[in-house]
1. Could you tell me how far the Cα centroid of segment 96-124 sits from the Cα centroid of segment 61-75, in Å?
2. List the residues whose amide H sits under 5 Å from the amide H of Asp143, counting only those 5 or more places along or on another chain, with H placed 1.01 Å from N in the peptide plane.
3. Nearest 500 deg cm²/dmol is fine: what mean residue ellipticity at 222 nm does the chain get from its DSSP H runs of n ≥ 4 alone, each adding -39,500 (n - 2.57), divided by its residue count?
4. Just need log10 I(q)/I(0) for segment 127-177 at q = 0.25, 0.27 Å⁻¹, Debye formula, equal scatterers on the alpha-carbon atoms, no solvent, rounded to two decimals.
5. May I ask you to derive the relative contact order of the chain, considering only C-alpha pairs under 8 Å and at least 6 residues apart, and to give it as an integer percent?
6. Let me see the pair-distance distribution of the chain: every alpha carbon pair, 20 Å bin width, integer percents in order.
7. Using the Cα centre of segment 217-299 as the reference point, and only Cβ charges (+1 on K/R, -1 on D/E), how large is the resulting charge dipole? Debye, rounded to the nearest 20.
8. In nm, to one decimal, how far is the Val330 label point from the Ala296 one, both placed 7 Å along Cα→Cβ?
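Just so it is clear, none of the values below were taken in a lab; they were calculated from the coordinates. Owing to the predicted nature of the structure, the values given are computational and were not obtained by experimental measurement. Cβ atoms come from the backbone with ideal geometry, glycine included; neighbour counts cover every protein chain shown.
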Amino acid sequence: MEQKGIMLSGIKPSGELTLGSYLGAIKNWAERADQFECYYFMADLHAITVRQKPADLRRRTLEQLAQYIACGLDPERNTLFIQSHVPQHAELGWVLNCYAMFGELSRMTQFKDKSAKNADNINGGLFTYPSLMAADILLYQPDYVPVGEDQKQHVELTRTIARRFNNLYGEVFKMPEPYVPKVGARIMSLTDPTSKMSKSEDADTGRVCLMDRPEDIMRAFKRAVTDSENTIRFDRENKPGISNLMTIYSAATGRSYEEITREFDGRGYGVFKTAVGESVVELLRPIREQSERLLADKGYLESVYRAGAEKAGHIANKTLRKVYKKVGFVAR
Ligand code: TYM
């Protein structure tokens, strides 16, 4: 039998999952579950690089698991686990820290952005975060890492670290490829279409969360910032608001930008915003309903993350042992 390729990705439970996390990442994971052996996790170790309220972090981690399943990741066919349950992530993260250069880590866009936003808490974890992410990835030797545009740079640094390690010790790590979707890789805030829709954004109006009620989703789209031209055409530079809405509508309905322009020719922005809002309500409705059902069954969720950690730990351990041997640690 032909061996399946491997796919892996994660999301930080540092805020409610948004339409951006869904269209940029999870939707593409679920669509490829059949073709690959898949590992998806809740990146709780990454979440604490920014201060979290412990009770919220715990709640969101479980909610995120329920949402993964509700988005179509069947736990029978995908390994779903909590990052901190597999200690090999932190262990390999340390080793890879010693193969990631200060200059490389300093150049990461996300580090620069997050340090500017959290000037009172620029901790070591925030700085070395990409080495931990490299460990998350390399432990499982994946072929593809499906992520949104903003995480591509971290996957590229993972390749640099892996290459450096392999050059020193032989072929230990497989080279992973970032897999970035053609439509939806960068969903922008509805109120400020020049900045990314983010989980942890303070102002609630610019984002849509997977668990939002239909009326809140419609309100968010009605308030979406557009421009004064009143024609619906894709032009990210000059029409960032309308282009963002077109991206969302395209990802939700499968229609191309040309089809959308034709569909709304001569119709106003109000009509378009309502149509985009409705498409998102219908896209998210089954996910919210299924997540709520799953969250009522904590025993089931626990069985899923336990089995996931066991399976993931087995694979992760194999890679870690190989790495420890290569760098010269005495076997236990
Ligand atoms: P995180 O938690 O910030 O985001 C999770 C995933 O969602 C994508 N994404 C978006 N895509 C499109 N538009 C948006 N507005 C948007 N916002 C978020 C992100 O690109 C990402 O794919 N460091 C990672 C988590 C992580 C990881 C890993 C990912 C930890 N270890 C190993 C892959 C492999 C992060 O903070 O993503």
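1. 30
2. Ile6, Met7
3. Values: 13 runs with 170 residues, N = 332.
Roughly -16500 deg cm²/dmol at 222 nm, from the helical runs in the chain.
4. Debye output, listed in q order: -0.94, -1.08.
5. Numbers: 508 pairs, mean separation 75.1, N = 332.
Dividing the mean separation by the residue count of the chain yields 23 percent.
6. 30, 56, 13, 0
7. Values: 14 positive and 13 negative charges, 62 e Å.
With Lys and Arg at +1 and Asp and Glu at -1, about 300 debye.
8. Placing both labels 7 Å along Cα→Cβ, they lie 5.7 nm apart.
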